[in-house]
Each structure stands twice: as C-alpha cells, then as structure tokens.
Amino acid sequence: MPDRASDAEINQRIAAALELLATGAGSAFTAQTIAARFGVSLRTARRYTSAATLDLVADCNPAELDKQAMLAIYRLDLIGGKAMAAGDDALAIKATRALSLSVAQMRRAITAPAVRFRLKDQRPPPDTPDTDALPF
C-alpha cells in the first residue's frame, strides 16, 4: 500500500493547482499537469483540482457566475480563432459549435421564466389551515 501524502504535500499540490487555474488553465489541463508534476494518479489530481476550484470561486453569486460564463465564451472564441489561423478546420468547427451551444444554453437560462413548484411530500406553509383537520 503506497504511503499517503502529508498535509504539507496535499496543500502544496492544491496550491499548484490553484496557481494553474488562476492563470486561466482549464480543470482538465490542470489535473493532467498536477498528475505529471507530482506523480499521482489522474483521479487524485482531479481531487486536488476540485479543492483548488472551490478556493478559487468561494463566492458563487450571480455576478461571479456571469463572469465565469463570459470567460468561458471568450476562451471558446479564442480557441476557434487560433485554430482557424493555424489551419486546423476540425478544431475551429468544434470550438465554434461549442461556443454557439454555450451561448444558446445561457440565453435559455436567462430568458426562462421562474417556476415555483411544490414537492408531493412538502407540507403547506404554517399560516395555511390544514383542511383535513377542520370539522366541516
């Protein structure tokens, strides 16, 4: 059974993942880099990357979500543009398709009406009289 990493090693690996994520690297690339750099499995590297991601976006409010969405759109646009400039038509098409799907999904999320629903097992609010308990 392999030795477990010490707390200092774990913190070092999470810090390295956080550093990569902060520079704009994606989570998949960060996990691969951490796995190679520290000689850990990709699964373990994903855990370190997930922990770093939580540190990076601790405040998950609507403004932060908008910022992350805009950054994702920018990256896809950048990938598509660089691919076209390099003559990689297949990657350019994939990036453009991903970009258009992302924008369409965001528009659906923004324009969707707010829907309130009630679960079957959910009890009525306390101020609502229980009709089963009434004598008439």
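Laboratory data are not the source of any read-out in this text; all were calculated from the coordinates shown. Note that this is a predicted model, so its numbers are computed, not measured. Quick reminder, even Gly has a Cβ in these numbers, built from the backbone with ideal geometry, and neighbours come from all protein chains shown.
Points to keep in mind about this one:
- For segment 15-76, the Cβ-based charge dipole about the Cα centre amounts to some 340 debye (Lys, Arg positive; Asp, Glu negative; other atoms uncharged).
- Evaluated on segment 59-113, the Kirkwood hydrodynamic radius is 12.1 Å, with distances taken between all distinct Cα atoms.
- Protection proxy ranking, peptides 50-56, 28-34, 61-67, average beta carbon neighbours within 10 Å, highest first: 28-34, 50-56, 61-67
- FRET efficiency, Asp89 to Asp66 (Cβ-Cβ, R0 22 Å, nearest 0.05): 0.10
- In order along segment 8-24, phi translates into HN-Hα couplings of 5, 5, 4, 4, 5, 5, 5, 5, 5, 5, 4, 4, 5, 5, 5, 7, x Hz, rounded to whole numbers, per the Karplus curve 6.51 cos²θ - 1.76 cosθ + 1.60 with θ = phi - 60° and x for Gly and Pro.
- Efficiency of FRET from Cβ geometry, Gln32 and Arg4, R₀ 22 Å, rounded to 0.05: 0.50
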